[in-house]
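Down below is the structure, laid out as structure tokens.
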């Protein structure tokens, strides 16, 4: 019995090390492609020249992109469907902010009006109205 658990531990460590090596090769290759691309050198030259406005824009763009990614993961992994809808509205707001950063104010405002204002509210109302009837049917035993 102890021998089997030792073999399983060694197998798990081996599989984990293979996975880490594969991820290192994949992300290392992506890093090399990015490092040797011409636009990466242009970004590095502008950052080295201390272009403060560009640096602030780049950092804020990355932060908003990270927030959108985090909210999108929370939409998928949330157990409560109302929370998922709210996280989706946060994603829409982040995309609107990215449009504003890209000097496309019409797209940003239309993102807010159409997706957050119409689709988001419609989604939340639909979820809240249908959820109540499903819960009532479960209580009365009709399902």
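None of the figures in this text is laboratory data; all of them are computed from the coordinates on show. This is a predicted model, so every value here is computed, not measured. Here the Cβ is made from the backbone with ideal geometry for all residues, glycine too, and neighbour counts use every protein chain on show.
Laid out as a table, the results:
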read-out: Spatial separation of Cα centroids for segment 11-51 and segment 71-104, in angstrom; value: 27
read-out: Simple spin-label estimate for residue 70 and residue 40 in nanometres, 7 Å along Cα-Cβ; value: 2.6
read-out: Helical mean residue ellipticity (222 nm; -39500 (n - 2.57) per DSSP H run of 4+; nearest 500) of the chain; value: -28500 deg cm²/dmol
read-out: Projected label distance in nm at residue 49 and residue 130, using a 7 Å step from Cα toward the beta-carbon; value: 5.4
read-out: Given (i) 27.9; (ii) 20.0; (iii) 18.1, the label whose value is Kirkwood radius over Cα pairs in Å derived from this model; value: (ii)
read-out: Contact order normalised by residue count of the chain, Cα under 8 Å, 6+ apart, percent; value: 14
read-out: Fully extended contour minus Cα-Cα distance, from residue 21 to residue 106, at 0.36 nm per residue; value: 26.0 nm
